[in-house]
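Read-outs: derived from the displayed coordinates by stated rules, not from any lab. Please read these numbers as outputs of a predicted model, since none were measured by experiment. Please note: Cβ atoms are built from the backbone with ideal geometry, for glycine as well, and neighbour counts cover all protein chains shown.
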Amino acid sequence: MPAEQRPLAPRHIAFIMDGNGRWAQARGLNRLQGHAQGAETLQHIVEALVEKGVGIATFYAFSSENWGRPKAEVDGLMALLKNYLTAEVNKLVEKGARIRFLGDRRQGGKLSKSILNLMAKAEDQTALCNKILINICINYGGHDDITRSVQKLAAAGASVADITPAAIEANLDTAHQPPPDLCIRTGGEKRLSNFMLWQLSYAELFFTETYWPAFSKDELSQIIADFSTRQRRFGKLIQKT
């Protein structure tokens, strides 16, 4: 059966990891404890993805809009990020996971120099891993991704005629990667929240009520099984035979 009709498995899965704070509050914990548990869930899900042979996974960790949260929570999230990049990267290496960070990483921006250095170190440390590519979105927004792509073209002297969909795609943070086949959002909300707006244009979307810290390998398997039954037309008609 044609691949565009019934895919057996996604090559690239994108995750909107929502519900960490609500998971924690429902258990009488503080929101940062929920984010810490969410980081543990990410490790388990990466392990499951490797087992299933998924080649690329993208995780929405901190959006360009998240800076608007209370300062104490933002500071706590940045501290958790530093801890993750210091203590958890070795676990990804053991799983054969290569890390790339997507988002605005310009010097003088909102991310501190120490975090930028840790991000670069993690990318170098995992550069030879080849079982799965893990994109972690930090200070990322879909609008900003597209804007920065067009700015790169303009800075390179592109004419109006040069600014094509292919040229924009080649300058996105995900350049040279296939777009996600599947996007999973946990936490019960049903929106993209400015996540990979270009790349998700034809992705299959799944929304689950499960909060991210409670998201399991079993639920991931169920979603992938559901994905395999879907017909993907990409705007075309399926020809009956």
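Conditions first: (1) among the hydrophobic types (A, V, I, L, M, F, W, C); (2) in contact (Cβ under 8 Å) with a residue 40 or more places away in the chain; (3) within 24 Å of Q151 (Cα to Cα). L111 passes all but one, so which condition is the exception?
Result: L111 passes all but (2).
Can you name the number of the only condition in (1) among the polar types (S, T, N, Q); (2) without any contact (Cβ under 8 Å) to a residue 12 or more places away in the chain; (3) closer than 24 Å to R11 by Cα that T126 fails?
It fails just one condition, (2).
Please work out which residue is farthest from the chain's Cα centre (by Cα), limiting yourself to the stretch 177-205 and to residues that are under 19 Å from W23 (Cβ atoms) and surrounded by 18 or more Cβ atoms within 10 Å (Cβ to Cβ).
G187
Just checking: which of the helices (runs of 4 or more DSSP H) contained wholly in the stretch 138-241 hold 3 or more residues that are under 27 Å from M119 (Cβ atoms), β-branched (V, I, T) and out of contact with any strand residue (DSSP E or B) (no Cβ under 8 Å at 6 or more places or on another chain)?
Numbers: elements: 142-155, 165-169, 217-227.
Ranges flagged: 142-155.
Which of the residues that make up the stretch 119-137 are assigned to a helix (DSSP H, G or I) and either of a type in the set (K, R) or surrounded by 21 or more Cβ atoms within 10 Å (Cβ to Cβ) (or both)?
K121, A122
Sort out which residues of the stretch 22-47 are on the phi < 0 side of the Ramachandran plot and not in a helix (DSSP H, G or I), and write them in order of number.
Start the filter on the stretch 22-47 by keeping residues that are on the phi < 0 side of the Ramachandran plot, which leaves 22-27, 29-47.
If the condition is that a residue be on the phi < 0 side of the Ramachandran plot and not in a helix (DSSP H, G or I), then A26, R27, L29, N30 are the ones that fit.
Could you identify the single residue in L85, L32 that is crowded, with 18+ Cβ neighbours inside 10 Å and in contact with a Gly (Cβ under 9 Å, 6 or more places away or on another chain)?
L32
How many residues are under 30 Å from H176 (Cα atoms) and aromatic (F, W, Y) if we restrict to the stretch 12-31?
So the answer is 1.
Limited to the stretch 181-196, what total is found for residues that are closer than 14 Å to Y140 by Cβ and touching a His at 6+ places or on another chain (Cβ under 7 Å)?
1
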